[in-house]
Amino acid sequence: MELQLALDLVDIPQAKQLVKEVEPFIDIIEIGTPVVINEGLRAVKELKEAFPSLRVLADLKIMDAAGYEVMKASEAGADIVTVLGASEDMTIKGAVEEARKQGKQILVDMISVKNLEQRAIEVDAFGVDYICVHTGYDLQAVGKNSFEDLLTIKRVVKHAKTAIAGGIKLSTLPEVIKANPDLVIVGGGITAQDDRAAAAAEMQKMIKQGS
Ligand SMILES: O=C([C@H](O)CO)[C@H](O)[C@H](O)COP(=O)(O)O
């Protein structure tokens, strides 16, 4: 099980500072969608250059023209690029095809997918690398989480790695770990803490010991 730090509400210098604080405790740096909107793929490039030993995920949440967008994110240094599970089959297949050419990986974000079980089976057959259940900020605000959804994809996904994102904190991490996803994605649960290194270190410890 790996830990991904989601950077969403920061600029590039703040992102670098944050990663510096938690670098030993994380496996993947996520350049969040708001950061890409504000800073462009330059954020991916600069963070990859600053932390070459960590993998970088570009959270583009691609919905169309995936081949082109995966190519541009790859050129910027992304190791993993996100595509929406709600997009057309040909979009997801196009993302996978381009990622293979570039030697990169695709994470499919299942945010807002209504028929999760069926769509996860379909997306799994496209050869994607990760399938991620995700409760976005808007549903987190009304008390939702993705714990049940994680159990669903753990049951039906046979090839891809499984991931979970959305509002995960130290207090809810044990429930997530119990379901044994391959990747846990945490943003505010680390970035909004007073002692971010301590929060990330504790999360890494819990993940390593499996509880
Ligand atoms: O993908 C995300 C969200 O849609 C904003 O772009 C976040 O990175 C993801 O939800 C993880 O962040 P937290 O919910 O703060 O843990």
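The values are calculated or read from the model by the stated rules, or taken from the named source; none is laboratory data. Please read all numbers here as calculations on a predicted model, not as lab measurements. Glycine gets a Cβ as well: all are built from the backbone with ideal geometry, and neighbour counts include every protein chain shown.
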Margin query: Cβ-Cβ under 8 Å, sequence separation 6+ or interchain: first residue in region 1-20 and more than 21 Å from K205 (Cα to Cα) and free of Cβ contacts under 8 Å to residues at least 40 places away in the same chain, partner among the charged types (D, E, K, R) and surrounded by fewer than 16 Cβ atoms within 10 Å (Cβ to Cβ). Which pairs?
Written below: I12/R42
Check: How do the pairs read when you match residues in region 139-159 that are under 16 Å from A125 (Cβ atoms) with residues anywhere that are of a type outside the set (K, R) and not in a helix (DSSP H, G or I), using Cβ under 8 Å and keeping only pairs 6 or more apart or on different chains?
Finding: I153/M110; I153/I131; I153/V133; I153/T162; V157/I131; H159/G127
Check: What's the number of the condition I106 fails, among (1) away from the ligand (no atom under 14 Å from the Cβ); (2) without any contact (Cβ under 8 Å) to a residue 40 or more places away in the chain; (3) surrounded by fewer than 23 Cβ atoms within 10 Å (Cβ to Cβ)?
Finding: (3)
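Yes or no, residue by residue, for (1) touching a Cys at 6+ places or on another chain (Cβ under 9 Å); (2) more than 14 Å from the ligand (Cβ to nearest atom); (3) of a type outside the set (A, V, I, L, M, F, W, C):
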residue: M1; (1), (2), (3): no, yes, no
residue: K20; (1), (2), (3): no, yes, yes
residue: P24; (1), (2), (3): no, yes, yes
residue: D27; (1), (2), (3): no, yes, yes
residue: G32; (1), (2), (3): no, no, yes
residue: A58; (1), (2), (3): no, no, no
residue: D64; (1), (2), (3): no, yes, yes
residue: G67; (1), (2), (3): no, yes, yes
residue: S87; (1), (2), (3): no, yes, yes
Item checked: Filtered residues of region 141-167 (kept if among the hydroxyl-bearing types (S, T, Y) and within 11 Å of the ligand (Cβ to nearest atom)) -> S146
Check: Which residues, taken from region 110-153, are under 16 Å from V184 (Cα atoms) and touching a strand residue (DSSP E or B) at 6+ places or on another chain (Cβ under 6 Å)?
Finding: M110, I111, D129, Y130, I131, C132, V133, H134, S146, D149, L150, I153
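How many residues does region 202-211 hold that are of a type in the set (S, T, Y) and either within 19 Å of P34 (Cβ to Cβ) or buried (at least 20 other Cβ atoms within 10 Å of the Cβ) (or both)?
Filtering region 202-211 down to residues of a type in the set (S, T, Y) leaves 211.
Add one more test, that the residue is either within 19 Å of P34 (Cβ to Cβ) or buried (at least 20 other Cβ atoms within 10 Å of the Cβ) (or both), and what stays is none.
So the answer is 0.
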Item checked: Residue that is nearest to the ligand (Cβ to nearest atom) [pool: residues in region 168-189 that are in contact with a strand residue (DSSP E or B) (Cβ under 9 Å, 6 or more places away or on another chain) and over 18 Å from I26 (Cβ atoms)] -> A179
Checklist line | Candidates G166, G210, G103, G127, filtered to the one that is on the phi > 0 side of the Ramachandran plot and at pLDDT below 95 | finding: G210
Note to self: Could you tell me how many of the residues in region 20-31 are buried (at least 20 other Cβ atoms within 10 Å of the Cβ) and in contact with a helix residue (DSSP H, G or I) (Cβ under 9 Å, 6 or more places away or on another chain)?
What the structure shows: 5
Checklist line | Sole exception among (1) farther than 23 Å from G127 by Cβ; (2) within 11 Å of the ligand (Cβ to nearest atom) for A200, by number | finding: (2)
